[in-house]
Amino acid sequence: MGKTKKPVYWVVDDSTYQKLQPLKHFVDFVAGLPYANELHRKNAEEIKGLIETINQPETIKEWCVCLNIYDPMVQAGYGSGNYWKKWWVYFEVGRLEIEADDEILDEQHFSDTQPNYYGCIFFEKKITNERIWMDFELNDFIDDAMNYQKYITKGLNEVEVDIDIYSNPKEEKEDTTYSVPIW
């Protein structure tokens, strides 16, 4: 049996920590929408705690908070136009991503993603790229999400939320197995 070791994460500096704390307002907003259920609200409380302790790598878990507006007819290929507007914040695979996009289907049924906001913070300790990439103010993203109703149209009108906690980060296991092809 192989040894088990936990992933090693970067400890967030104070400036980044302070800049991320407004995410708790986004979590509260999405959890307070009428589309959220009791499990969503329970998960939201835990996620706010994870944001509060994001500077403590031992508390890291994978999670997401998503607000979506769909046009189910265009999404199914009937017609064209904006079929999905989303505001997502998720912590997965050692990175925190913040994004808001429009998915648009053209007349030939080709889909195009139009990003409105995108930011990423890599929490892996050893990285070869820029650690923080965010070209917008976090409060602008949150304000836009809080005004989601202005994007609802006759077709783009199905609203859903997802507030989920997946697990503790996957532990890395030393691979002591090998496989032999059987062909």
Given the conditions (1) within 15 Å of the chain's Cα centre (by Cα); (2) of a type in the set (Phe, Trp, Tyr); (3) within 14 Å of Gly155 (Cα to Cα), every one holds for Tyr70 apart from (1)
Taking region 152-183 only, how many residues are farther than 25 Å from Trp63 by Cα and either of a type in the set (A, V, I, L, M) or at pLDDT 95 or above (or both)?
4
Residue check for Ile152: out of contact with any strand residue (DSSP E or B) (no Cβ under 8 Å at 6 or more places or on another chain), closer than 22 Å to Asp28 by Cα, surrounded by 12 or more Cβ atoms within 10 Å (Cβ to Cβ) and touching a residue at least 12 places away in the same chain (Cβ under 8 Å)
no
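The rows are residues; the columns are (1) modelled with pLDDT of 95 or more; (2) in contact with a strand residue (DSSP E or B) (Cβ under 6 Å, 6 or more places away or on another chain); (3) surrounded by 13 or more Cβ atoms within 10 Å (Cβ to Cβ).
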site	(1), (2), (3)
Ser15	no, no, no
Lys19	no, no, yes
Phe29	yes, no, yes
His40	yes, yes, yes
Ala44	yes, yes, yes
Leu50	yes, no, yes
Using beta carbons and a limit of 6 Å, which pairs, at least six apart or on different chains, have the first residue in region 97-109 and closer than 13 Å to Val74 by Cβ and the second one of a type in the set (A, V, I, L, M) and not in a strand (DSSP E or B)?
Leu105/Val74
Condition first: out of contact with any strand residue (DSSP E or B) (no Cβ under 8 Å at 6 or more places or on another chain), assigned to a loop (DSSP other than H, G, I, E, B) and either at pLDDT 95 or above or of a type in the set (Ser, Thr, Tyr) (or both). Can you find one or more residues in region 69-78 that meet it?
yes
Subset of region 62-78 (residues that are in contact with a Leu (Cβ under 8 Å, 6 or more places away or on another chain) and farther than 19 Å from Ala36 by Cβ)
Asp71, Val74, Gln75, Gly77
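Specify which of the listed residues (Ile132, Ile127, Ile104) is at pLDDT below 90, surrounded by 13 or more Cβ atoms within 10 Å (Cβ to Cβ), at negative phi and among the β-branched types (Val, Ile, Thr).
On the way: Ile132 fails: at pLDDT below 90; Ile127 fails: surrounded by 13 or more Cβ atoms within 10 Å (Cβ to Cβ).
Among Ile132, Ile127, Ile104, only Ile104 is at pLDDT below 90, surrounded by 13 or more Cβ atoms within 10 Å (Cβ to Cβ), at negative phi and among the β-branched types (Val, Ile, Thr).
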Looking at region 48-68, which of its residues are in a loop (DSSP other than H, G, I, E, B), closer than 15 Å to Pro22 by Cα and touching a residue at least 24 places away in the same chain (Cβ under 8 Å)?
Ile54, Asn55
Filtered residues of region 52-65 (kept if surrounded by 17 or more Cβ atoms within 10 Å (Cβ to Cβ), touching a helix residue (DSSP H, G or I) at 6+ places or on another chain (Cβ under 8 Å) and closer than 22 Å to Met146 by Cα)
Trp63, Val65
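The values are calculated or read from the model by the stated rules, or taken from the named source; none is laboratory data. Everything quoted here is computed from the prediction, not taken from an experiment. Positions of Cβ are generated from backbone atoms using ideal geometry, with glycine treated the same way; all protein chains shown enter the neighbour counts.
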